[in-house]
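Presented below is the structure to which this report refers.
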Amino acid sequence: MERKVRVRFAPSPTGPLHIGGVRTALYNYLFAKKHGGDFLLRIEDTDQTRFVPGAEEYIIEAFDWLGIKFDEGQGIGGDYGPYRQSDRKPMYKEYADKLIETCWAYYAFDSPEELDNVRKEFEKEKKNFQYDCNTRAALKNSLSLSKEETNTLLENNTPYVIRFKFPKDTEIIIHDLIRGEVRMNSNLLDDKVLYKSDGMPTYHLANIVDDHLMKISHVIRGEEWLPSCPLHVMLYKAFGWEDTMPKFAHLPLLLKPEGNGKLSKRDGDRLGFPVFPLEWQDPISKETSSGYRETGYFPEAVINILALLGWNSGTEQEIFTLEELIDIFTIERISKSGAKFDLEKAKWFNHQYFQLMPNDKIAEEYLKILKEKGFNASLEFAEKVVSLVKERCSFVQEIWDQSSFFFLRPETYDQKIIKKRWKEDTPQRLGEIADILNSITDFSVETTDQAVHSFIEKNELNMGQIMNCLRLSIVGEGKGPNLFEIICLIGKEETLERINTAIETIGKNE
Ligand code: GLU
């Protein structure tokens, strides 16, 4: 019988969630939903030394914002809880003990200092030390010591860890859904710690026990976990859970824009883009890292960006809704090689979603920005401004740059345009245009446009030259949407003021 698809996202709350992690969660989610399965959130906080306050809440808020819903897990509930590993602490010991009983694991009593000394001895001979099948016999553990010695140490509460005992000369085969068969010789692997002296399991033990107890069918995670996978496969064997072992899929890395190496927070700082979904303030250093949400990205755009970083649809289509992605997502189309982050493409995606966004919604956000700058405008006015400049923007924060002239008179005038276009008779011609505009009672885009154009034509003037100077008077530069849209929105009085000021100012100070 086919197993029900159950996948999990299992972050460690060690800081803000990197977008690579968001992509891992997204692929898990798409896969689960495509197959009518469950998507779980499990918090892997077995390494208490790396715990960062606020990180768990951050993770939950980030997925809330993205609209990626968990069916089960931390903060949601479900039949397989608790879903935070520190809350599951008491249940792991019995599994570690089971492995000791079946000789798949052993107690290791070496103190950190003792291990350090051994490491140094190895270094002297230019060798790397590894606790493994070749070295364990010479170290202080329940395999090298007698039963009595071991029992005495245990009775005296000597600190110990429990290590996995890799068998010698065994070929371990991983069947990865993305990479195919990956083989590894057990002699190269170190006897990883499963259970620590602080009474906590390590990631490896807790992860396998939980995946088993939570009936996880597929493990979809980052490529950085591939080296741990032989141990995981062996743990399933050791526990006798091979029949229900999840299928593995290791996702390609998210690479720096230049392509060499993993995308890091530093790349974001260096190149000016967020690597976290939400803004994050480090609780200790108080350093703030930017987030996609605060930068003005839409959750839909972030999903689209991430979906296509490492997966392709096999078609030309680039804009997908979450439902469409669920429909067409397949693990087969995930690539093996790393995916380069492309900032321009990321902005392009946001631009597409920005254009689809209703103007009143953008205007509401824009009003907040205006207020911060000290301007009070009506929603109607802001909406009109948005409709005129939206096309040139990808983020609400960019609107001000494209539309400040609706709220501020020009303080300076572009010298390049003056040099090229401002002629001796320009002030007179602009004065005539001001008179014409003044005489129009129905001050609409059509009437003003027609009046100015017919004046230019009738007097056989240079259209480009006059229009450029008129724009210069109103905007101060050569940019902006249709000039008649601008003058109608600022109104007749303001338009005439600006033309008169330009006539009085330009050319007078040189
Ligand atoms: N806790 C691991 C992490 O932080 C999970 C790895 C896995 O999915 O097995 O990425």
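Whenever a residue of the range 216-229 is touching a residue at least 12 places away in the same chain (Cβ under 8 Å) and in a loop (DSSP other than H, G, I, E, B), its partners that are of a type in the set (Gly, Ala, Ser) and more than 11 Å from the ligand (Cβ to nearest atom), lying with C-beta atoms within less than 8 angstrom and at least six residues away or across chains, give the pairs 217/37.
Condition test on residue 39, is it away from the ligand (no atom under 12 Å from the Cβ), surrounded by 19 or more Cβ atoms within 10 Å (Cβ to Cβ) and part of a strand (DSSP E or B)? Here the answer is yes, as residue 39 does meet what is asked.
Among the residues here, residue 16 qualifies as within 15 Å of the ligand (Cβ to nearest atom), in contact with a helix residue (DSSP H, G or I) (Cβ under 7 Å, 6 or more places away or on another chain), part of a loop (DSSP other than H, G, I, E, B) and more than 27 Å from residue 193 (Cβ to Cβ).
Evaluate the range 21-33: report whether one residue or more is assigned to a helix (DSSP H, G or I), surrounded by fewer than 21 Cβ atoms within 10 Å (Cβ to Cβ), away from the ligand (no atom under 12 Å from the Cβ) and among the hydroxyl-bearing types (Ser, Thr, Tyr). No, that holds for no residue. For residue 114, indicate whether it is over 23 Å from residue 14 (Cβ atoms), of a type outside the set (A, V, I, L, M) and either in a helix (DSSP H, G or I) or modelled with pLDDT under 95 (or both). Judged against the criteria, residue 114 is a match. Check off (1) more than 14 Å from the ligand (Cβ to nearest atom); (2) under 27 Å from residue 276 (Cβ atoms); (3) touching a Pro at 6+ places or on another chain (Cβ under 9 Å); (4) not in a loop (DSSP other than H, G, I, E, B) for residue 95 and give me the number that stays unchecked. Going through the list (1) more than 14 Å from the ligand (Cβ to nearest atom); (2) under 27 Å from residue 276 (Cβ atoms); (3) touching a Pro at 6+ places or on another chain (Cβ under 9 Å); (4) not in a loop (DSSP other than H, G, I, E, B), residue 95 breaks only (2). Can we say residue 8 is assigned to a strand (DSSP E or B) and within 14 Å of the ligand (Cβ to nearest atom)? Here the answer is yes, as residue 8 does meet what is asked. When 241, 280 are checked against the criterion of being modelled with pLDDT of 95 or more, of a type outside the set (Lys, Arg) and either touching an Asp or Glu at 6+ places or on another chain (Cβ under 9 Å) or surrounded by 19 or more Cβ atoms within 10 Å (Cβ to Cβ) (or both), 280 stands alone in meeting it. Within the span defined as the range 83-99, every residue fails to be at pLDDT below 95 and among the hydrophobic types (A, V, I, L, M, F, W, C).
Looking across the range 408-425, the residues that are buried (at least 17 other Cβ atoms within 10 Å of the Cβ) and part of a loop (DSSP other than H, G, I, E, B) come down to 410, 413, 414, 422. Selection of the range 197-213 for residues being surrounded by 22 or more Cβ atoms within 10 Å (Cβ to Cβ) and either of a type in the set (Val, Ile, Thr) or away from the ligand (no atom under 11 Å from the Cβ) (or both) yields 201, 205, 208, 209. Within the range 19-51, the set of residues being β-branched (Val, Ile, Thr) and closer than 26 Å to residue 256 by Cβ comprises 19, 22, 24.
Of the helices (runs of 4 or more DSSP H) lying entirely inside the range 268-351, those carrying at least 2 residues that are under 26 Å from residue 176 (Cβ atoms) and under 13 Å from the mean Cα position of the chain (by Cα) are 299-307.
The values are calculated or read from the model by the stated rules, or taken from the named source; none is laboratory data. From a predicted model like this one, the values you see are computed outputs, not experimental measurements. Cβ atoms come from the backbone with ideal geometry, glycine included; neighbour counts cover every protein chain shown.
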